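What follows is one structure encoded as structure tokens, with my remarks underneath.
The values are calculated or read from the model by the stated rules, or taken from the named source; none is laboratory data. Keep in mind that this is a model prediction, so the values were computed, not measured. As a convention, Cβ positions derive from the backbone with ideal geometry for all residues, glycine included, and neighbour counts pool all protein chains shown. Heads up: the accessible areas ignore ligands, DNA and RNA and are worked out on the full protein's heavy atoms, side chains in. Shrake-Rupley method; radii C 1.70, N 1.55, O 1.52, S 1.80 Å.
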Amino acid sequence: MLLPLEQARGLPSAAYVSEAVFAFERRWLFCRSWTCVGRECELEAPGAFLLARVAGEELLVVRGVDLELRAVFNVCRHRGLRLVDAERGVRSELSCPYHGWTYELSGALRSAPHMPATFRRDACNLGAVRIACLHGFVFVCLGNETPPLDSELAHAPDWLTRTELRHLRLGRSKSYSVSANWKLCVENFQESHHFTHVHTELERQTPSARATSWRGPGKWLGGRMELAAGLCTVSARREASARPFVVPESNRGEVRDALAFPLLLTSLQPDYLLSYLLHPESPTRTLVTANTYFHAAAFTPEPVAEDVYEFWDRVNAEDRAICERQQLGVQSRGFRAATYSLVEDGVHAFDQLVVRCYLEHS
Ligand code: FES
Ligand SMILES: [Fe+2]
């Protein structure tokens, strides 16, 4: 795996099917990494919250009345009820529907009925989890020893750090389950030479022959694609949209992709930003949350974006089907990965980060 591209082979079957490998990844990778749960714009108002899934845990990410962003376990401290059911929303407090324990947005326990005089409320606050923001993205981390977010994910690509992207707002969040190992989903994102076979329309709009990949220092990988001549958006209608651009004029003929290892995939189009948050649920199942963000000026009150949603729903369904079919093959004892093709440098770079994690902790 650590050999140069021409000599290395892909990951073995066990990496995609083994419970032991998955438990290892959960312990050493997912629990220790900063995991993206959304963007700051989704949590602007006091009381705004969203449910996040990290390493098998469910967390509430909440903006407090003091405007601080916090992450807490979604678990009532009384007898353990899953506290909040909704995926996102706005609340003035967090109250448990079982026996009525009530928490402040900060996670502090406010009231608990019928407790003995010796009961200490401050010992039963919701369990806090590390949280930090970077370039508009919100990340949480279950590990206490993991270095701070800005050093773990330093060296983000320039195009992702531009301040204009702070003004984006969420158009749609859509989750779907893929019956495939999370690494197959990332590997699929890391190359575009399947476009000609799997995504005819995407290939027409962003030809894979002109795609290049990019390997940053640290945990960022990515790529660049050019839009076909005459296009300035990627969508089902293939024509100029009324949506405001989110990139400078010089970048309107291209798409930029980035992977923040291990679980955040993001793609900047001329007039919107896509992000895919992966949540590995088992060795063979991955929950994907696909978020689409537009310029704030596109919201009147909602952006005109059916053409974007329709297009990516189709592409994502194509990728989902192909990853699920690949899962069926890689779990066979007949599978042995070949050497990489010359246009799979992005896949190789990702697999190497996985292998380095395996080596570091075994
Ligand atoms: S479990 Fe939450 S109040 Fe009892
Ligand atoms: Fe694809």
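Scanning the range 194-221 for residues that are in a helix (DSSP H, G or I) and either away from ligand 2 (no atom under 12 Å from the Cβ) or not hydrophobic (A, V, I, L, M, F, W, C) (or both) turns up T196, H197, T200, E201, E203, R204, Q205, S208, A209, R210. With respect to W28, is the statement that it is of a type in the set (F, W, Y), away from ligand 1 (no atom under 16 Å from the Cβ) and under 21 Å from N291 (Cα atoms) true? In short, no. Taking the condition aliphatic (A, V, I, L, M) and touching a His at 6+ places or on another chain (Cβ under 9 Å), does L168 pass? Spelling it out, L168 is indeed aliphatic (A, V, I, L, M) and touching a His at 6+ places or on another chain (Cβ under 9 Å).
Would it be correct to say that Y103 is open to solvent by 60 Å² or more (accessible area, probe 1.4 Å) and of a type outside the set (D, E)? Here the answer is no, as Y103 does not meet what is asked.
Restrict the check to the range 231-242 and report whether at least one residue is in contact with a strand residue (DSSP E or B) (Cβ under 6 Å, 6 or more places away or on another chain) and among the aliphatic types (A, V, I, L, M). Looking for residues that are in contact with a strand residue (DSSP E or B) (Cβ under 6 Å, 6 or more places away or on another chain) and among the aliphatic types (A, V, I, L, M), one finds none in the range 231-242, hence no. Filtering the range 106-116 to residues that are touching an Asp or Glu at 6+ places or on another chain (Cβ under 9 Å) and either in contact (Cβ under 8 Å) with a residue 40 or more places away in the chain or surrounded by fewer than 12 Cβ atoms within 10 Å (Cβ to Cβ) (or both) leaves only S106.
Residue by residue, here is whether (1) touching a Ser or Thr at 6+ places or on another chain (Cβ under 9 Å); (2) more than 15 Å from L43 (Cα to Cα) holds:
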position: E68; (1), (2): yes, no
position: H78; (1), (2): no, yes
position: L81; (1), (2): no, yes
position: C96; (1), (2): yes, yes
position: T102; (1), (2): yes, yes
position: M115; (1), (2): no, yes
position: R120; (1), (2): no, yes
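Annotation note: Cβ proximity below 8 Å between a residue of the range 46-67 that is without any contact (Cβ under 8 Å) to a residue 40 or more places away in the chain and more than 18 Å from C31 (Cβ to Cβ) and a residue that is open to solvent by 50 Å² or more (accessible area, probe 1.4 Å) and part of a strand (DSSP E or B) (sequence gap 6+ or interchain) occurs for L50/R88; L51/R88. Taking the criterion of being surrounded by 14 or more Cβ atoms within 10 Å (Cβ to Cβ), more than 17 Å from the chain's Cα centre (by Cα) and not polar (S, T, N, Q), the residues of the range 166-203 that qualify are H167, E191, H193, H194, F195, V198, H199, E201, L202, E203.
Being touching a Leu at 6+ places or on another chain (Cβ under 8 Å) and open to solvent by 40 Å² or more (accessible area, probe 1.4 Å): is that true of H295 here? In short, yes. Please verify whether the range 29-48 includes one or more residues that are among the hydrophobic types (A, V, I, L, M, F, W, C) and closer than 26 Å to L328 by Cβ. Yes; the residues of the range 29-48 include at least one that is among the hydrophobic types (A, V, I, L, M, F, W, C) and closer than 26 Å to L328 by Cβ.
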